[in-house]
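Bear in mind that the values in this text are calculations on the coordinates, not laboratory data. Just so we're clear, the structure is a prediction, and the values are computed from it rather than from any experiment. Neighbour counts are summed over all protein chains in view; Cβ atoms, including those assigned to glycine, are modelled from backbone coordinates with ideal geometry.
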Amino acid sequence: MLSNGLLLGVFAVLSGGLLALTHSATRERILANEREALLRTIHELVPPAWHDNDIFHDTLEVVSPAYLGTSEAVTVYRARREGQPVAAVLTTVAPDGYSGNIKLLVAIRNDGVLAGVRAIRHRETPGLGDAIETARSDWILGFNGKSLTHPTDDHWKVKRDGGDFDQLTGATITSRAVVGAVYRTLHYFSLHRSEIFALPPAQEALADD
Ligand SMILES: Cc1cc2nc3c(=O)[nH]c(=O)nc-3n(C[C@H](O)[C@H](O)[C@H](O)COP(=O)(O)O)c2cc1C
């Protein structure tokens, strides 16, 4: 009786330990996969040939609820070539999606022109708002090559609001949210460009509102 109980106890401890080990290994694998996917997306926007630094570690944490859509720190990935700024990729949030926050990667070349935008996390409706994903439609590629001067300020809206950007059919709210967030991110970059590239990596510094 006693030895049975002991055996059961040993098994319980062993399987508990095994479960904890598996859990932590799985978590680490998930995190590693997420980082890899993020790096792949960043490299879609800023091709490896454009830079010679380690973009994934040359980062900065910045805070700007008014421009970047969140009170949390936003990571900025910086691309440089021979020490010179090439582009910055900001993990902006569009807070006013149809179903809440839409997390975006906004890649801006040093001259202020958009290298591209990608939606990396959202809860927009499948078949409607999820057309912001490149896997669903090309809509988000419409930001390529745009800047604060192209189109001009008053045209940074969806067509329904008198601007230059197409809205997704049946998903005007989603489209409006993304256009607004990209526009504010371009402004943030134009205001802080020199600090963004000057500050040492991983320094929590820029907080302007
Ligand atoms: C079930 C359901 C899901 C919806 N999902 C979205 C969405 O993901 N994004 C969005 O902008 N509008 C969504 N809408 C539509 C909005 O209510 C709104 O009608 C629309 O954004 C207006 O754009 P439209 O004039 O192009 O239809 C959804 C509506 C319903 C009933």
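Any idea what angle helix 2-45 forms with the longest principal axis of the chain, computed on alpha-carbon atoms, 0 to 90 degrees, nearest 10?
Between the helix axis and the principal axis of the chain, the angle is about 20 degrees.
Would you pull out the residues with amide H under 5 Å of THR125's amide H, same chain only if 5 or more places away, H placed 1.01 Å from N?
ASP130
Below 8 Å, C-alpha to C-alpha, sequence gap of six or more: please give me the relative contact order for the chain in percent.
Answer for the chain is 19 percent.
Which of these, SER24, SER64, SER175, has the largest mean-square fluctuation under a Gaussian network model of the chain (Cα springs below 10 Å)?
Of SER24, SER64, SER175, the Gaussian network model singles out SER24 as fluctuating most.
Quick one: which of 150-157, 74-81, 29-36 comes out on top by average Cβ neighbours within 10 Å, and what's the full order, highest first?
Result, highest mean Cβ count within 10 Å first: 74-81, 150-157, 29-36.
Over the Cα atoms, compute the radius of gyration (one decimal) and Dmax (the largest Cα-Cα distance, rounded to a whole number) for the stretch 102-154, in Å.
In Å, with Rg to one decimal and Dmax whole: 12.2, 35.
For the chain, set up a GNM with springs between Cα atoms under 10 Å and report which of PHE189, PHE11, PHE143 has the largest fluctuation.
Top of the fluctuation ranking is PHE11.
At R0 = 41 Å, how high is the FRET efficiency between ASP161 and ALA202 if r is their beta carbon distance? Nearest 0.05 is fine.
The pair ASP161/ALA202 has a calculated efficiency of 0.60.
Given axes a ≥ b ≥ c from the Cα gyration tensor, I'd like to know whether the stretch 1-93 is rounded (a/c under 1.5), prolate (a/b larger than b/c) or oblate.
Prolate is the answer for the stretch 1-93, as a/c is 1.5 or above and a/b outweighs b/c.
Along the three principal axes, how long is the stretch 44-86 when you take its alpha carbons, biggest first, rounded to the nearest angstrom?
33, 19, 15
Can you pull the percent of Cα pairs in the stretch 33-141 with separation above 22 Å?
Tail fraction, whole percent: 32.
Quick check: the angle from helix 172-198's long axis to the longest principal axis of the chain, C-alpha only, nearest 10 degrees?
The two axes meet at around 90 degrees.
Over the Cα atoms of the chain, Rg to Rh with Kirkwood Rh, two decimal places?
We get a ratio of 1.15 for the chain.
Between Rg and the Kirkwood Rh of the stretch 112-196, both from Cα atoms, what is the Rg to Rh ratio?
Across the stretch 112-196, the Cα-based Rg/Rh ratio is 0.97.
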